[in-house]
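A quick write-up on the structure given underneath.
The values are calculated or read from the model by the stated rules, or taken from the named source; none is laboratory data. Quick caveat: nothing in here was measured; it's all calculated off a predicted structure. Methodologically, a virtual Cβ is constructed for each residue, glycine included, from the backbone with ideal geometry; neighbour enumeration extends over all protein chains shown.
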Amino acid sequence: MLCVVLMLLSPLSWRMGEITLPDQYWWKQVFLVTLLITIFYSNSSIIVPKILLKGKNYLYLLTIILGGILFYGLVIYFEQFIGYGKAMHFTFNPDKPYQAGKRWLPGDVFQMLLYIISIGLSTSVALVQKWQKDETTRQELDRQRINTELSYLKAQINPHFFFNTLNNIYALTNLDISKAQEA
């Protein structure tokens, strides 16, 4: 959700009255949102449970780094495929010639920041869900343990109560037979 808000609000900081954004910009935004949502759910439902929660921290870190490289490569490939750089250059600098291959560093940093935020949030969500599940299991085990102890204590108390009652009746028979018959 944060990614969607950031991507949709970023054009508002430009000179919107003077510039009409090309279609390539919006195609890239759709691609980025789709890719980041895929990364979010893949990390939280597959990578974290199968790697991080199994204690393979270095493998998880390596997976995240390789995923970042793959993410960056996919974004560059998609930009080249749709002609994003050329369209954006002619939108903002129509009087200057286009130089292919030159990248805009703040845009790349922003995209990698979105990747890191997506990974961080999805890891946090997966870990909190695991913690909640473990806490629920622990509470259920505590409840079962308490019920078992209570049943055990009841089983111990019942014979004592029975024998105490019999002992009281026996003592009453020695003192007063009519009271013993009532008991």
Unmet criterion (only one of (1) farther than 19 Å from residue 115 by Cα; (2) modelled with pLDDT of 95 or more) for residue 21: (2)
From 126, 155, residue being in the same structural domain as residue 64 (by TED's automatic domain parsing) and of a type outside the set (Lys, Arg): 126
Close pairs (6 angstrom Cβ cut-off, 6 or more residues apart or separate chains): touching a residue at least 12 places away in the same chain (Cβ under 8 Å) in the range 25-37, of a type in the set (Gly, Ala, Ser) anywhere: 36/118
Residue match in the range 101-109 (condition: surrounded by 13 or more Cβ atoms within 10 Å (Cβ to Cβ) and modelled with pLDDT of 80 or more): yes
